[in-house]
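Please read the structure below before turning to the comments.
The values are calculated or read from the model by the stated rules, or taken from the named source; none is laboratory data. No experiment lies behind these values; they were computed from the predicted model shown. Cβ: placed from backbone, ideal geometry, glycine included. Neighbour counts: every protein chain shown. The protein model used for the area step is the full one, side chains on, heavy atoms only, and it has no ligands, DNA or RNA in it. Shrake-Rupley method; radii C 1.70, N 1.55, O 1.52, S 1.80 Å.
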Amino acid sequence: MAARILDGKAVAAEWRREIAAEAAELERRTGVTPGLGVVLVGDDPASASYVAGKERACSDSGFFALDWRLPADSTQADVIELISRMNGDPRIHGILAQLPLPRQIDEQAVIETILPEKDVDGFTPVNVGRMLLDLPCFLPCTPHGIVRLLMHAGIATSGRSAVVIGRSNIVGKPVAHLLMRKAPGGNATVTVCHTGTSDLARFTREADILVVAAGKPMTVTGDMVKPGAAVIDVGVNRVADASAAKGFRLVGDVDFHSVSQVAGWITPVPGGIGPLTITMLLRNTLEAAKLAAGQHHPTV
Ligand code: NAD
């Protein structure tokens, strides 16, 4: 294997220790404990497992976490009413509505109910707009984690070619912006590929940094990668595996076996971007708590 592993789990552990120390210091000085409110609607097992991971991370970091579980047949009004209450709850500095929401609920309406100063996912139009204008805001957690990981590993982005596969609001679009903005971890020349792209490999082979967020296993194979490239695999896909205790295993969007023979750097799945996403959520919640304590503005 040629590629060096970008060990998101280890990096996340290091950053979480720093966050826990800052949270303890904030509490000592101001009496404010960072608090995260989580809304989970329905019983999708993947969502339930993400929420459990976020709650564990909160308690490990000394945060206060309140989680509300609503039945799958809840109405949009039920969810909006709950979020409105969380907006007014001084113990809660960050609010997270676990997506996807059941079909009868308009996700955008729910997101837009969250106060921008409690929007620790960075999904509200105010935060997205501020991000695009390079103003202080809460950055979306997965894209922020990706850029920070590249910086932590000393992988240069400035002047290099970055290709993003995926144009979703939560990963593709914002990571493309962070990679292109004139800031540390940015200043790359960015190409965004999506389902309308013909001949995907023509673009991926030019990438010094390749971010894959397609949500489909085997989207990228070794023959599609430039030798020495940094490959960031964002995908989390469940594939049936009778030999696994749960009956499935998690794989990314990248064929790890063939890509790791060619790439210079690669993130594993699991243990790559996932732990960093949760860590950036903790970071944003801490910044929101500092803001509530009158200390800081959330930072880009
Ligand atoms: P999405 O389904 O909203 O978007 C997928 C995007 O990929 C679309 O824009 C589509 O145009 C593009 N795409 C799909 N197949 C393609 C192909 N063959 N060629 C080119 N483009 C293609 O997904 P999302 O919410 O952005 O998530 C993407 C993946 O990342 C999923 O597997 C998701 O579970 C995972 N994810 C992981 C984390 C984490 O913390 N690790 C966070 C968010 C999402």
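The DSSP beta bridges internal to the chain are antiparallel in roughly 10% of cases. Computed from the Cβ-Cβ distance with R0 of 30 Å, the FRET efficiency linking Arg17 to Ala183 stands at 0.75.
Which value in deg cm²/dmol, rounded to the nearest 500, describes the helix-derived mean residue ellipticity at 222 nm for the chain, given -39,500 (n - 2.57) per DSSP H run of n ≥ 4 and division by the residue count?
Numbers: 10 runs with 116 residues, N = 300.
When only DSSP H runs of four or more count, the value is -12000 deg cm²/dmol.
Extension gain for Thr191-Arg103 works out to 28.5 nm (0.36 nm per residue, less the C-alpha to C-alpha distance).
Solvent-accessible surface (1.4 Å probe) assigned to Arg202 amounts to roughly 130 Å². Taking 0.36 nm per residue of separation and subtracting the current Cα-Cα distance, fully stretching the chain between Asp7 and Arg56 would add 15.6 nm. Projected label points at His257 and Gln295, each 7 Å from Cα along the beta carbon direction, are separated by 4.9 nanometres. Hey, in the GNM for the chain with a 10 angstrom Cα cutoff, which one of Ala244, Ala176, Ala207 fluctuates hardest? Comparing Ala244, Ala176, Ala207 in the GNM, the peak value goes to Ala244.
Please sort by residue number the trypsin sites (Lys or Arg not before Pro) in region 224-287 whose DSSP state is loop and whose Cβ has at most 10 other Cβ atoms within 10 Å.
Values: sites: Arg238, Lys246, Arg249, Arg283; in loops: Lys246.
Listed in order of number, the matching sites are Lys246.
Legend: Rg and Dmax of region 249-300, from Cα coordinates, 16.9, 50 Å. Note on Thr75 and Phe248: their simple-model spin labels are 3.2 nm apart, each label 7 Å out from Cα toward Cβ.
Once the mean of 1/r is taken over each pair of separate Cα atoms and inverted, the chain shows a Kirkwood hydrodynamic radius of 19.8 Å. With equal scatterers on the alpha carbons only and no solvent term, can you work out the Debye log10 of I(q)/I(0) for region 169-300 at 0.22 1/Å? Here the Debye-derived log intensity ratios amount to -1.36. In order along region 65-71, phi translates into HN-Hα couplings of 10, 10, 10, 10, 10, 10, x Hz, rounded to whole numbers, per the Karplus curve 6.51 cos²θ - 1.76 cosθ + 1.60 with θ = phi - 60° and x for Gly and Pro. The order of His194, His177 by accessible area, most exposed first and with a 1.4 Å probe, is His194, His177. Ordering 140-151, 110-121, 26-37 by mean Cβ neighbour count within 10 Å, with the highest value first, yields 140-151, 110-121, 26-37. Of all lysines in the structure, the ones whose alpha carbon falls short of 22 Å from that of Lys118, not counting any fewer than 8 places away in one chain, are Lys54, Lys173, Lys290.
Taking the inverse of the average 1/r across all pairs of different Cα atoms in region 75-131, what Kirkwood radius in Å do you get?
Numbers: mean 1/r = 0.0868 Å⁻¹.
With all distinct Cα pairs of region 75-131 included, I get 11.5 Å.
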